[in-house]
Every structure is written in structure tokens, then in C-alpha cells.
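One structure is given here, and the rest of the page talks about it.
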Amino acid sequence: MAKGIASIGECMLELSGQTGPDWRMGFAGDTFNTLWALHALSPDRPATYVSAFGDDPFSRDQIAFLAENGIGVGNSPVIADARPGLYAITLTGAERAFTYWRSDAAARQLASDPAALAKSLENKALVYFSGITLAILDEAARKTLLTAIVAARAAGSLVAFDPNYRPRLWPSREIAQAAINDALAVCDIALPTFPDEQMLFGDPTPQATAERLGKLTGEVVVKNGEQPALIALNGALQTVDAVHVAAPVDTTGAGDSFNGGYLAARVAGHAPADAARRAHKVAAAVVQVRGALAPFETLRMAFDS
């Protein structure tokens with residue numbers, strides 16, 4: 001029986017501001033942040049980050065960091081003369097803004113070897129990816145990726161997807177809509193964020209998002225910041241209140257960590273509403289630390305509280 005979990009996308013170098021002029025460098029990225037939480041909360045499941053990596057010192061450090069934390073890279077290709085993308089977080093209070101340098105990142109070639117990609121997704125209980133995963137690929141590579149995901153799903157993998165719309169990564173709104181709808185049609189669990197869906201599809205309410213996505217995907221969880229999450233399961237709607245944090249430190253990675261908490265609970269057999277409650281607690285813990293990655297023990301304590 002497949003036990004492993006795989007997340008597909010781009011892990012970047014993260015620069016986060018500290019007190020004074022210094023910056024701290026770490027590793028983060030939407031699908032990696034989700035896998036980090038998933039791995040912390042499902043330690044008995046082998047974790048694989050499926051991407052493409054460069055051959056520079058930063059890429060080697062990235063792969064070593066993953067290994068040190070029990071995360072493999074499967075058959076992800078190493079691209080000669082390539083390097084990771086980079087982003088910097090600037091904070092106004094706890095709210096963050098991002099500056100990116102990623103146009104030639106190695107991860108854009110994660111589907112360059114279809115056989116290696118398929119191999120990385122073999123024997124996985126769960127496969128996760130996002131709209132950012134799609135956005136960094138060209139049209140042909142997106143088709144290669146979805147073909148591999150369809151094959152994994154046919155072999156028994158549960159497939160989860162967060163549309164995670166970022167306008168600057170897409171050539172047009174229409175291309176983003178088409179690609180995201182294609183992904184929704186091949187997944188089992190959708191984890192959208194309402195403001196993103198409102199921006200991309202014009203949804204007036206979270207319920208409208210849930211109903212639209214529910215026509216493509218059997219299980220939908222609409223995140224909405226500190227507002228309740230809305231679960232749509234086979235046409236039935238249920239809200240689950242968020243956890244209020246009076247003084248958040250940094251909201252980076254909150255939604256990604258919610259996804260990790262929710263999926264960890266679901267693969268462990270928890271019902272959707274209980275999974276969402278646990279996920280809210282995980283997200284609340286993450287906004288109380290700097291950067292996107294909270295310590296494993298912090299995540300576990302929140303999940304089990």
C-alpha cells in the first residue's frame with residue numbers, strides 16, 4: 001500500500017528581514033511550505049519534493065537542507081548551470097510583501113524529463129501541486145505535468161491542488177483560468193483562497209467559489225484568512241471558524257501550512273471539518289514565527305491541541 005507523499009513545485013531561497021540591516025536566508029516556496037507541514041505532521045510517510053535543481057552551491061545547500069529534514073527529491077533533474085529562484089520578504093507590521101528574482105530558476109524545468117517526473121510520483125498516497133507550479137511552466141510542460149499526475153491518480157494517489165493565483169506569473173488571466181480548470185479536473189481535493197478566486201474568476205462570495213469548484217472536484221476547502229473556511233463535500237456546505245491570533249508576527253506561509261495541516265489530517269483518516277479545525281490551528285502557529293517554516297514541534301503541538 002502506497003504511503004509516501006509528494007509535493008511538486010519550486011523551492012526558493014528566502015530572504016527575511018530581521019531587526020536592523022541584516023537578512024536571514026532560508027528555503028521556502030508555496031508547495032514546499034505545504035510539504036514541510038505535511039512531513040512534520042505525517043512523519044511515518046516518506047516525503048518527496050519534486051522539482052528541478054541547479055548545480056550551483058545554493059542548489060546543493062537546498063538539497064542538503066531537505067535531506068537534513070527527512071525530505072527526498074525523488075528523480076528530480078539537476079540542470080547544468082541553473083540556480084534556484086530567490087525572493088525577499090518585507091513586512092509592514094505582520095503583513096508581508098514579496099520581491100522576486102525567479103525568471104531563470106531551475107524549477108521551471110521540473111517537467112523536462114517526463115520519465116523522471118513519473119518515477120518521482122510512483123507509489124504515493126498523496127500528490128500535491130499548485131497554480132504556482134503550473135505558472136512557472138510553459139504550456140507543453142504543464143501538459144507533461146498533468147499527464148504524470150493523471151497517471152499517479154489512476155494508480156491510486158489522492159491528488160490535492162491549491163489554485164494559488166499570482167497574476168504576475170501568468171501571461172494572461174484567460175491562460176491562468178484555463179490551466180487552473182484543467183488541474184481542478186484531475187484532482188480530488190481543492191484548497192483555494194477566496195480573494196485569489198475573486199480576482200481570477202470574479203466570484204462574489206466564498207460560497208460561489210465552493211459551488212463553482214465543486215462541479216469539478218469532489219472536496220473543496222475555501223480559505224479566507226481569519227474568516228471561516230468553507231468546506232464543500234459532494235454538494236454539502238459547512239463552515240469551520242478560523243483561530244484568531246491577536247498579534248501575528250509574520251503571515252508568510254499561513255495558507256500553505258493550513259493546506260499541510262488539512263491534508264495531513266485527511267490522509268490520517270480525519271473528517272473534513274476536523275481536518276479544517278486542525279489546519280486552522282497549524283496556520284495560527286505559523287503566523288507567530290518569522291518566515292514560512294515553523295519548527296516541526298511547533299506544528300505538531302498545534303495540530304494535536
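Anything in region 1-25 that is of a type in the set (Gly, Ala, Ser) and either part of a loop (DSSP other than H, G, I, E, B) or open to solvent by less than 10 Å² (accessible area, probe 1.4 Å) (or both)? List them, or say none. Steps first, answer last, please.
Taking region 1-25 as the starting set, the residues that turn out to be of a type in the set (Gly, Ala, Ser) are 2, 4, 6-7, 9, 16-17, 20.
Selection gives ALA2, GLY4, ALA6, SER7, GLY9, SER16, GLY20.
Sort out which residues of region 102-115 are surrounded by 15 or more Cβ atoms within 10 Å (Cβ to Cβ) and more than 27 Å from ASN181 (Cβ to Cβ), and write them in order of number.
Across region 102-115, the qualifying residue is only ALA106.
For ASP188, work out the one condition from (1) free of Cβ contacts under 8 Å to residues at least 60 places away in the same chain; (2) farther than 20 Å from ILE8 by Cβ it doesn't fulfil.
(2)
Would you call GLY74 touching a strand residue (DSSP E or B) at 6+ places or on another chain (Cβ under 7 Å), on the phi > 0 side of the Ramachandran plot, open to solvent by 30 Å² or more (accessible area, probe 1.4 Å) and part of a loop (DSSP other than H, G, I, E, B)?
Working: touching a strand residue (DSSP E or B) at 6+ places or on another chain (Cβ under 7 Å): yes; on the phi > 0 side of the Ramachandran plot: yes; open to solvent by 30 Å² or more (accessible area, probe 1.4 Å): yes; part of a loop (DSSP other than H, G, I, E, B): yes.
So GLY74 fits the description; yes.
If you go through region 119-148 one residue at a time, how many are assigned to a loop (DSSP other than H, G, I, E, B), surrounded by fewer than 19 Cβ atoms within 10 Å (Cβ to Cβ) and in contact (Cβ under 8 Å) with a residue 40 or more places away in the chain? Quick ask: steps written out before the conclusion?
Step one: of region 119-148, the residues assigned to a loop (DSSP other than H, G, I, E, B) are 121-123, 136-138.
Filter once more, keeping what is surrounded by fewer than 19 Cβ atoms within 10 Å (Cβ to Cβ): 122-123, 138.
Checking the rest, the ones that are also in contact (Cβ under 8 Å) with a residue 40 or more places away in the chain come to 123.
Number of matching residues: 1.
Here are some residues: ALA47, ALA28, ALA82. Which one is free of Cβ contacts under 8 Å to residues at least 60 places away in the same chain and under 17 Å from the mean Cα position of the chain (by Cα)? Even if it seems obvious, please write down each step before you answer.
On the way: ALA28 fails: free of Cβ contacts under 8 Å to residues at least 60 places away in the same chain; ALA82 fails: under 17 Å from the mean Cα position of the chain (by Cα).
Going through ALA47, ALA28, ALA82 in turn, just one is free of Cβ contacts under 8 Å to residues at least 60 places away in the same chain and under 17 Å from the mean Cα position of the chain (by Cα): ALA47.
Please give the number of the condition THR90 fails out of (1) surrounded by 14 or more Cβ atoms within 10 Å (Cβ to Cβ); (2) within 27 Å of PRO192 (Cβ to Cβ).
Result: THR90 fails condition (1) only.
The values are calculated or read from the model by the stated rules, or taken from the named source; none is laboratory data. Computed from a predicted model, the values in this text were never measured in an experiment. No Cβ is skipped: glycine too gets one built from the backbone with ideal geometry, and neighbour counts run over all protein chains shown. Surface accessibility is based on the protein's heavy atoms, side chains included, excluding ligands, DNA and RNA. Shrake-Rupley method; radii C 1.70, N 1.55, O 1.52, S 1.80 Å.
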